[in-house]
Every structure is written in C-alpha cells, then in structure tokens.
Amino acid sequence: MSRDGEVTYDDAGQTPVILGEPVTEQPIGAALPVDGMGCHAGADQMMAAARLAGKSEILDQYAADYPKGPHDQPQSMCPAFGSLRVGLRMKRVATVLSGSACCVYGLTFVSHFYGARRSVGYVPFNSETLVTGKLFEDIREAVHVMADPANYDAIVVTNLCVPTASGVPLRLLPREINGVRIVGIDVPGFGIPTHAEAKDVLAGAMLNYARKEIEAGPVQAPVGGKSDRPTVTLLGEMFPADPMMIGAMLAPMGLAAGPVVPTREWRELYAALDCGVVAAIHPFYTAAVREFESAGRPIVGSAPVGLDGTADWLAGIGAAFGISADRIGAAQNAFLPAIKAALAAAPIKGTITLSGYEGSELLVARLLIESGADVPYVGTACPKTRWSAADADWLEAKGVKVKYRASLEDDLAAMDAIRPDLAIGTTPVVQKAKEKAIPALYFTNLISARPLMGPAGAGSLGEVVNAAIAGKERMETMKAFFEGVGHGDTAGVWEGSPNLRPDFRAQHQKKLDKAAKAAKAEEMI
Ligand code: SF4
C-alpha cells in the first residue's frame, strides 16, 4: 500500500514518467505514417512489405509456430494485446510500443481498461523517420534513457504492424544496457493470428533470453527459495487458485507446482526452466515449449480438469517423472472421489455451444460434459497442437464437433444450427445470441475467471451456467421489448423513419461485383 493509502500491485507506479520533446519542425510530406496499412488493409500487402524489408525469417517462424486457419487475419482484438498484457503484468519490466498511433491508442486503452496501472512507452514515428531508419535510432535512444537498473530488470520493445512491415530491426538493439535486459519482438497482426499466441511470442522470447543467461553462468534464485521437491512448470495463464490446487494434487507423488508461465517477474523464468516437467495447460505456447525442450524438459499436454481429465493428467505427469504406479494411484485416490462428488453436487442440464480464443475451450467443454451438459460444438481460435490432442479425442469420442482455428462465422453457424439453451462465446457471438433470445455468457470474463482444476474446478461452472440457462424467459421478454427498434444500420433511436437508399446500395453492390469479377479474371491470367 502506498503512502496515500492507494492499494497497488507493486511500486511500478512510482517510476518517473519520461517526457517527450515537442516536434518543432515537420518535414514536408512526413505528416502521417503509412496510412491504410493497418489490420483492415490487405494482410498480403503488409506481409510482402515485411519480407522485402528482411523479416522473412521471423515470419517463416511464425507461420510454422502459428499455422493459419480459414481466416488469415485476427477476428478478435489486436494480437499485440496478448504480449503487451504479459509484459505489463510483470514486476520491474517496462513495455515500449513502436507502431501507428491509432494502434497504440487502442492497445493502451484496452490495457488500462483491464487494469494495467502501468505506463506504456511509445516511440512515435512519421513517414520520414520510418523510411530513413531514424525510428530505430529513436527506439535505441528511448531504451537507453529508460534502462535504469534501479527501476527495471528488463525492457520489452514491441514492433506492431507498420514497423514490422518496414523492417525496423529490433534485433540490433543492445542485448543489455546497465544490466537491464532489452527484449525486442515483432508482433504483427498479419503474422500472429490471435492475441493468445502473441503471449507465446513474448513468453518464448523471455525464456530464450533466460535460458542463455543460465547457460552463461549462475543466475538469481527464486524469491521464495528453491523447492525441495521436483517441480512442474505450468504453461498458461490461469485462475490464481488453480496452481495451488494443482500443487495439492501433485503432493502425494512427492512433486510441487512450479511457476506459471508467462511469469510475473524475471527471475521466475529461471525457476520455470529449472523444473522436472512442463505441463502445457494451455496448448498454444509453441515458442515457449521450444525453449523448454531445448532445456531438456519433457512436456505433458491437457490439464487436471474433471474426473477423466484429472486421472489421465496425474498419470501422465507421474509417468514423465518415472513415478511408481502406486504413488500415482495414491494421488488419484486422494482427489478423484472429491471431484466426483463436486460434479454430482452441481449438475448442469441443457445444450451448450462453446467458443473462445483463450486456449482453454476444450478443457471447459470437458468439465461441462462431465457435469451433465450436452455440448455438441466447441470452437477455438487457437490452432491444433499435440498438447490438446487428448482433450480433442475425449470430446470427439463423446460426439462433440471440435473446430480448431474456428472463425466467427463457424461459431455463429453452429449456434444458429443447434439453437442451444446457452451459448458461451466471444463478444460478437454473445451479441448475436442475445438478438435471438438465446442466453449467453462471455467466455473471457465469466468462464475464464473461475477455477477449473481438480475438485475446486469441478463444481465451479454449475452455478453461473445454470443461472444463465434459467434466464431464457427474461431474454424472450427483452427480445419482445426491443422488437422493431431496427437492425444493423437502422438500429437506434430515430426521429422519423431511417433514410434508406436501396438504390445507392444496389449501385455500390454492382461496383463490388464488378471489382470481384475483374479480380477473378486477373487470377485466371
Ligand atoms: S498493430 Fe494491431 S491494431 Fe495495429 S494494424 Fe496491426 S493488428 Fe491492427
């Protein structure tokens, strides 16, 4: 708690704010950054520019790590939010963005909306500083000014779309200034499909840095000291009580829960790498897994959710450590009856469609099914990886349609076809569901913010899900109440009737059809 009584996460709020210099002279023609080159412009154009600017290697790595799906551009918020949030949650880590002002405005707005309570650094640019390389010089100067070891362990610099497409070479930044580590990453929307995977970009880059530090010599011990038992590093952000629950379930096997990656401070990275086994609770951390595998750590997929999930996960972790069947059995016997009882105490009745971009969708679906729900469709914006294969197999054996890299259109089509009692999904899915008087819950705010693991997770969804399903009648009343207030571009309060111009619309459609035909003809040539 600070002197004025404000409750804060750490003392990052005391960090002095660096004031910029006012721009006195504006070079002719340099007023704006490359305009129209955002996430609403063609991704191909940006991709081609980035390759020409020497970013082929990193883009190829991203293409391998994060294979694209039916949509090759993000359908959710800017992916860079994922890596920004990971950096902002770390103690003594500064984050600096390099990108178009509109992107930075949006990203800082969202990060503060989610309670970041930290400054986000920004190095502005214009067309001239971008093309002459001055932007890179400005970034270098900014990190030199900021790199005070009294305030920071590390500074993360992130290239957004335009600087990535222009080839701003963050790899040429000094690796360290005054003992402050400098981590430069490219997180373009045209290379990283979801904000979940952007978390992996930063987590992977930090683990890579920390692994090389370990190889070079002794590093700091964890704040709480080293565990006397072998540890399991947990990969993926989860509800704060979940790591404790997992720790309790590991104890009968003589194991302990290690740090959660992405970590909350730099030295936890060393402890994470020092584990015996890594549990890929969230299955999309491809770059982080690469670092753990380079450090010789085995990876176990899925998670201890529900009855079958917990039994299999404990067996998988035990086998990876070479623990005897007796001790694995002891851990299972200590917790499975409690999970069974918790599931039975909070039964769920109803048909539910589920979709999201967090990476934990398959795990939540398992819990819902074991609680008694009928879940015909699960969509995740994340890609298929081997760490969620067991969950997908389990769900498919129960007749569930599992869709990886699901687009918004997939999720909406499933909801339309199934007409569930409850739709759990992203904002646009929930919005559509409400329009159709289908009860709906936001995955991120209402489902991810609950324990999922072991006995604590087993009964946690029942209350919120059943309450939402029971709200069907209220949804019908709301639909009837708002009936006739307009739809799409005619929604809202109007003095008279909306001024519709179907003739303009038809004319515009003709133009679009013509352009599409021309593009098709060009393709054939
Ligand atoms: S940085 Fe994000 S908001 Fe900006 S153009 Fe790229 S994807 Fe869009």
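The values are calculated or read from the model by the stated rules, or taken from the named source; none is laboratory data. If you're wondering where the values come from, they're calculated on a predicted model, not measured in any experiment. As a convention, Cβ positions derive from the backbone with ideal geometry for all residues, glycine included, and neighbour counts pool all protein chains shown. We work out accessible area using only protein heavy atoms, side chains counted, and drop any ligands, DNA or RNA first. Shrake-Rupley method; radii C 1.70, N 1.55, O 1.52, S 1.80 Å.
With θ taken as phi - 60° and the coefficients 6.51, -1.76 and 1.60, list the Karplus ³J(HN,Hα) couplings across region 401-406 in order, rounded to whole Hz; mark glycine and proline as x.
8, 9, 10, 7, 6, 5
For Cα pairs less than 8 Å apart in space and 6+ apart in sequence, what is the mean separation divided by the residue count of region 69-149, i.e. the relative contact order in percent?
25 percent
So, in Å, what gap is there between the alpha-carbon centers of region 472-506 and region 168-184?
Here the answer is 53 Å between Cα centres.
Which cross-chain or sequence-distant (5 or more) residues have an amide H under 5 Å from the amide H of TYR122, H modelled 1.01 Å from N in plane?
Answer set, sorted by chain and number: LEU97.
Heavy atoms only, 1.4 Å probe, whole protein assembly: order TYR152, TYR122, TYR285 by accessible area, highest first.
Largest accessible area first, the residues go TYR122, TYR152, TYR285.
How much accessible surface does MET478 have with a 1.4 Å probe, in Å² rounded to 10?
Spelled out: MET478, probe radius 1.4 Å, area about 90 Å².
Please report the accessible area of CYS161 (heavy atoms, 1.4 Å probe, ligands and nucleic acids excluded) in Å², nearest 10.
20 Å²
Taking the Cα centroid of region 237-281 and of region 79-100, what is the distance between the two, rounded to the nearest whole Å?
23 Å
Helix by helix through the chain, keep the DSSP H runs that span 27 Å or more along the axis on Cα and average at least 0.0 on Kyte-Doolittle, and give those back in order. Let's see the in-between values first.
Details: long enough: 195-216 (32 Å, -0.26); 325-345 (29 Å, 0.70); 502-524 (33 Å, -1.33).
For the chain, where a helix must reach 27 Å along its axis and average at least 0.0, the hits are 325-345.
Accessible area of PHE335, 1.4 Å probe, to the nearest 10 Å²?
Rounded to the nearest 10, that gives 30 Å².
Could you work out the Rg to Rh ratio of region 104-161, with Rh taken as the Kirkwood radius (inverse of the mean 1/r over all Cα pairs)?
Details: Rg = 13.2 Å, Rh = 13.0 Å.
Checking Rg against Rh, the ratio lands at 1.01.
Determine, from the Cβ-Cβ distance of ALA521 and VAL219 and an R0 of 60 Å, the FRET efficiency 1/(1 + (r/R0)^6), rounded to the nearest 0.05.
0.45
Whose amide H sits under 5 Å from the amide H of VAL261, counting only residues 5 or more places off or on another chain, with H placed in the peptide plane?
Result for VAL261 returns LEU234, LEU235, GLY236.
Loop by DSSP (not H, G, I, E, B), at most 16 other beta-carbon atoms within 10 Å: where is the longest site-free stretch of the chain for GluC sites (Glu not before Pro)?
26-482
Once a ≥ b ≥ c are taken as the square roots of the eigenvalues of the Cα gyration tensor of the chain, is the result rounded (a/c under 1.5), prolate (a/b larger than b/c) or oblate (a/b not larger than b/c)?
Here the chain falls in the oblate category.
Tell me, what HN-Hα J-couplings in whole Hz come from the Karplus equation 6.51 cos²θ - 1.76 cosθ + 1.60 at θ = phi - 60° for each residue of region 150-157, using x for Gly and Pro?
Once θ is set to phi - 60°, the couplings for region 150-157 become 5, 9, 9, 8, 8, 10, 9, 10 Hz.
If each Cα of region 267-329 is one equal point scatterer, what is log10 of I(q)/I(0) from the Debye formula at q = 0.18 Å⁻¹?
Taking Cα atoms of region 267-329 as identical point scatterers yields -0.69.
If amide hydrogens are placed 1.01 Å from N in the peptide plane, which non-local residues have theirs closer than 5 Å to the one on ILE155?
Residues meeting the amide H criterion: ALA94, ARG181, ILE182, VAL183.
Can you pick out the pairs among LYS432/LYS510; LYS436/LYS472; LYS432/LYS479; LYS349/LYS472; LYS398/LYS472; LYS68/LYS384 whose Cα atoms lie more than 22 Å from each other?
Details: LYS432/LYS510 28 Å; LYS436/LYS472 11 Å; LYS432/LYS479 12 Å; LYS349/LYS472 13 Å; LYS398/LYS472 26 Å; LYS68/LYS384 10 Å.
In this structure, LYS432/LYS510; LYS398/LYS472 exceed 22 Å between Cα atoms.
Got the relative contact order for the chain handy, in percent, Cα pairs under 8 Å and 6 or more residues apart?
12 percent
Mind running the shape call on region 329-400? Use the C-alpha gyration tensor, a ≥ b ≥ c as the square roots of the eigenvalues: rounded below 1.5 for a/c, prolate if a/b tops b/c, oblate otherwise.
Values: a/c = 2.24, a/b = 1.34, b/c = 1.67.
It is oblate, given that a/c is not under 1.5 and a/b is not larger than b/c.
Roughly speaking, to the nearest percent, how much of region 185-337's 1.4 Å accessible area is carbon and sulfur? Can you show the working numbers first?
Working: 2790 of 5090 Å².
Exposed carbon and sulfur together represent 55 percent of the surface.
Per residue, how much accessible area does region 89-148 have with a 1.4 Å probe, in Å²?
Values: 2910 Å² over 60 residues.
Per-residue value: 49 Å².
Using a ≥ b ≥ c from the Cα gyration tensor of region 167-239 (square roots of the eigenvalues), is it rounded, prolate or oblate, where a/c under 1.5 gives rounded and otherwise the larger of a/b and b/c decides, a/b for prolate?
Because a/c hits 1.5 or more and a/b fails to exceed b/c, region 167-239 counts as oblate.
Roughly how large, in nm² to one decimal, is the mean projection of the convex hull of the alpha-carbon atoms in region 69-151? The partial results should precede the final answer.
Numbers: hull surface 27.5 nm².
The orientation-averaged projected area of the Cα hull of region 69-151 comes to 6.9 nm².
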